[in-house]
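**Student:** Okay, handing you the structure first.
The values are calculated or read from the model by the stated rules, or taken from the named source; none is laboratory data. Everything quoted here is computed from the prediction, not taken from an experiment. Please note: Cβ atoms are built from the backbone with ideal geometry, for glycine as well, and neighbour counts cover all protein chains shown. Quick note on the areas: whole protein, heavy atoms, side chains included, nothing else; ligands and nucleic acids left out. Shrake-Rupley method; radii C 1.70, N 1.55, O 1.52, S 1.80 Å.
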Amino acid sequence: MQYLKNIGVLLIVLFAFAKAYTQEQKRKEIDITSDVSRIDEEKYPGAFIMNKATNQVYIIHEGVEMWCDLAFHYKDENFVRALGNVKIKQGDSVSMRSRYAEYNGNTKFAYARGNVWLKKDTTTVTTDTMYFDRIKQQAYYRSGGIVTSPNSEITSRIGRYYLEDDKISFINKVVVTNPEYVINSEQLDFYSETEHAYLYGPTTITSDSSKVYCERGFYDTKNDNGYFVKKSRIDYDNRQVYGDSLYFDRVTNFASATNNIKVLDTLNNSLIKGHYAEVYREKDSVFITKRAVAITVEEQDSVYVHGDRLIVTGKPENRIVRGYYNVRLFKSDLSGKCDSIHINQKTGLTQMIRKPILWSDQSQITGDSIHLINNTKTEKLDSLKVFNNAFIAQRDTISGYNQVRGQKLYGFFNEDNELHKVDIINNAESIVYMREETGKLQGIDKSKSASITILFVDKAIDEITKYKDPGGNVWPESQFIQQQQTFDTFNWRGDEQLLSKEDIFKGEAPFEMTKIKGIPLPNIDTDFFDSPPDGEIPTIPKASDLTPEELLNRKDDAPKIGNKEESKNKASQDDLQSVIDKNKTEAQKKEYQKKYGKGSDTTKKKDDG
């Protein structure tokens, strides 16, 4: 009796399974309606031929609708071929048109060719041949295509449209055309809803006023701004901006850069470096800070200007450089410090403002302000001017300091950029160690006059001439010791002299660069076509126009840049396992502490077991 009861239960289960299976099969069958239908086994074996009379042939299958002028329905294979004014619609947002299409109801795979046109919301894809996998919700072309969005047109050889994510991945000869610019890239991901583009590999963004280069970046094609993080560069008419990270807004003509920045002025042969910069193209200005340095090349020599903040303004023919706070200047034969600096590249005038100090070889020059005049034709130093409280000092070869001071100082440089003459004007005073050619000290000349002229030979004071009412004495060394040996405003700062370009940062705290939020590499998805087991050829309906070879993935069509999904998943699994192990350890620790009290050694308790 129990045996019969078991058989009855088994039959009910099998009947229910068979019924469900039949319903499932029925649900998957393609349904076709047409004005005219016929059979021609000789020409089209196994096909129901359906064509338009008044209304187009109507095809429906699990959420997709199709219309065409002529259809061949292979019911046994659940497969249809559609010809003439083919339209495919999925839901309210996805539609496709073509001259010819195929649809497999078992795999939900569609193939279209001939003026293919696919639209989702505001994005349109046109190509000659397209594959559409409804299970993956992905469309794919690899014979060239054009994608049109409200603000741009994108062309590429290969395109993969992830419909659920509103994302299109473009590969090979990618070109984004906008009325204002053109993007050329090897690999690009485009999100159609936001119109955001992610750029991978060598990429340029070219417009009439600028050109951007990067090897990884982001661009908002709707709002016309972007962010670039690998080998980034922006070229303007006469400026090139480099940085580890660049932000660019074409609408406002603004750019900013972070870390390892270089702004090259191609017309004025100058360079600005730092770790944060802002560039305002319309105003022809650059602001740079964080170890900011302006470098100008002169006669195979370079002038380095460093300050907490540097600002460059003006057109190329009238460019001004300003430096603020803790300014330092270095040239191979000249260096200095001041609070702020103003450089006019057109006139060649450099103004050192607030507490300036200048070292020219062995001479130290100070005053309320110092002007350096450069010959713009020869690119050599011509002269210098010191206004108010002018003071020049030079260490004597053996002992003491030569000192000359007055209200103003005018200095002149020779062809070798060496200071060879100085005029001290008004209320001139001097303390000079007078020596013979052998170096023997003759005496110390301490005197006053209306003005003084100093001549230099071999970078040292050689001759002093006093003008108008000179007065003073020449003291022997033994008696000079009893005199005031330096003026009350004397302040020797030779230990601060900059001896190399690296000294412009001397004494500053170590600099830490800003941590940049990068743009991660894309994850390389699995191949579009499902690969059969090794060595096998894809199975397709006999009536299909496709060949099995056309459904094989090609190595050359795969993305060249990105993280493979397998390695990403493995890394994720490793990370997850690490967290699990850590949580287990923490749980065990808490359990032992609960049992034996806080501060107990879990290992010891185990051993004590």
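**Student:** Which angle between 0 and 90 degrees, to the nearest 10, do you get for helix 2-28 versus the longest principal axis of the chain when only C-alpha atoms count?
**Tutor:** Computed tilt is about 60 degrees.
**Student:** Can you give me the pair-distance distribution of the chain, C-alpha pairs, 20 Å bins, whole percents?
**Tutor:** 15, 27, 22, 18, 11, 5, 1, 0
**Student:** Another one. Specify the angular offset, from 0 to 90 degrees and rounded to the nearest 10, of the alpha carbon long axis of helix 565-596 from the longest principal axis of the alpha carbons in the chain.
**Tutor:** 80
**Student:** Take D76, D503, D308, D265 and sort them by solvent-accessible surface of the protein heavy atoms, 1.4 Å probe, largest at the top.
**Tutor:** D76, D308, D503, D265
**Student:** Turning to a different aspect of this structure: Modelled label-to-label distance, Q484 and H342, 7 Å Cα→beta-carbon offset: nm?
**Tutor:** For Q484 paired with H342, the spin-label model returns 3.4 nm.
**Student:** Here's a follow-up. Restricting things to Cα coordinates, could you compute the convex hull volume per residue of the range 147-189 in Å³?
**Tutor:** 60
**Student:** Net charge near I205, counting Lys/Arg +1 and Asp/Glu -1 over other residues with Cβ under 9 Å of its Cβ?
**Tutor:** +2
**Student:** Follow-up question, since we're still on this one. Can you give me the relative contact order of the range 443-512 as a percent, contacts being Cα pairs under 8 Å and 6 or more apart?
**Tutor:** 28 percent.
**Student:** Next question. Write down Rg/Rh for the range 326-431, rounded to two decimals, with Rg from the C-alpha atoms and Rh from the Kirkwood relation over Cα pairs.
**Tutor:** Answer for the range 326-431: 0.96.
**Student:** Mind jotting down the distance between the C-alpha centroids of the range 183-231 and the range 132-155, whole Å?
**Tutor:** About 18 Å separates the Cα centre of the range 132-155 from the one of the range 183-231.
**Student:** Out of the range 496-533, which chymotrypsin sites (Phe, Trp or Tyr not before Pro) are coil in DSSP terms and have no more than 16 other C-beta atoms within 10 Å?
**Tutor:** Passing both the DSSP loop test and the Cβ count: F511, F529.
**Student:** Follow-up question, since we're still on this one. In whole Hz, what ³J(HN,Hα) sequence does the range 401-415 give by Karplus (6.51, -1.76, 1.60; θ = phi - 60°), x for Gly and Pro?
**Tutor:** Along the range 401-415, the couplings run 9, 6, 9, 9, 9, x, 6, 10, 9, 10, x, 10, 10, 8, 4 Hz.
**Student:** Extent of the range 350-507 along each principal axis, from alpha carbon coordinates, in Å, largest to smallest?
**Tutor:** 47, 36, 31
**Student:** Find, among the trypsin sites (Lys or Arg not before Pro) in the range 31-108, those assigned to loop by DSSP (not H, G, I, E, B) with at most 10 other beta-carbon atoms within 10 angstrom.
**Tutor:** Qualifying residues, ordered by number: K43.
**Student:** Suppose the chain between K440 and K283 were pulled fully straight at 0.36 nm per residue; how much longer would it get relative to their current alpha carbon spacing?
**Tutor:** Gain in length upon complete extension: 50.4 nm.
**Student:** With the other protein chains left in place, how much accessible area per residue, in square angstrom, belongs to the range 78-191 at a 1.4 angstrom probe?
**Tutor:** For the range 78-191, the per-residue accessible area is 37 Å².
**Student:** Which value in deg cm²/dmol, rounded to the nearest 500, describes the helix-derived mean residue ellipticity at 222 nm for the chain, given -39,500 (n - 2.57) per DSSP H run of n ≥ 4 and division by the residue count?
**Tutor:** Calculated from helices alone, the mean residue ellipticity at 222 nm is -4000 deg cm²/dmol.
**Student:** Pairs of alpha-carbon atoms within less than 8 angstrom and 6+ residues apart define the contacts here; what relative contact order does the chain have, in percent?
**Tutor:** Averaging sequence separation for qualifying contacts and normalising by length gives 5 percent for the chain.
**Student:** Under the Kirkwood approximation applied to all pairs of distinct alpha-carbon atoms, what is the hydrodynamic radius of the range 385-456 in Å?
**Tutor:** Hydrodynamic radius (Kirkwood, Cα only) of the range 385-456 equals 12.8 Å.
**Student:** Could you give the distance between the Cα centres of the range 57-114 and the range 382-455, to the whole Å?
**Tutor:** 97
**Student:** Rounded to the nearest 10 Å², what accessible area does T489 show when all protein chains are kept and the probe is 1.4 Å?
**Tutor:** Ignoring ligands and nucleic acids, T489 comes out at about 80 Å².
**Student:** Ok, one more. In the range 464-496, which chymotrypsin sites (Phe, Trp or Tyr not before Pro) are in a loop and have at most 14 other Cβ atoms within 10 Å, using DSSP for the loop call?
**Tutor:** Counting only loop positions with at most 14 other Cβ atoms within 10 Å, the chymotrypsin sites (Phe, Trp or Tyr not before Pro) in the range 464-496 are W492.
**Student:** Which entries in K167/K283; K28/K89; K283/K501; K136/K564; K459/K501; K262/K315 show an alpha-carbon gap greater than 27 Å?
**Tutor:** Over 27 Å apart, Cα to Cα: K167/K283; K283/K501.
**Student:** OK, next. Output the Cα-based Rg and Dmax of the range 66-201 in Å, rounding Rg to one decimal and Dmax to a whole number.
**Tutor:** Both quantities, over Cα of the range 66-201: 15.3, 54 Å.
**Student:** Can you count the Lys pairs in the range 316-449 with C-alpha separation below 18 Å, eight or more apart or on different chains?
**Tutor:** Within the range 316-449, the lysine pair count is 13.
**Student:** Using the C-alpha atoms of the range 44-145, what convex hull volume per residue, in cubic angstrom, is computed?
**Tutor:** That works out to 101 Å³ per residue.
**Student:** Given 0.36 nm per residue, what is the gain on full extension from K542 to S143 after removing their alpha carbon distance, in nm?
**Tutor:** This chain segment gains 141.2 nm when fully extended.
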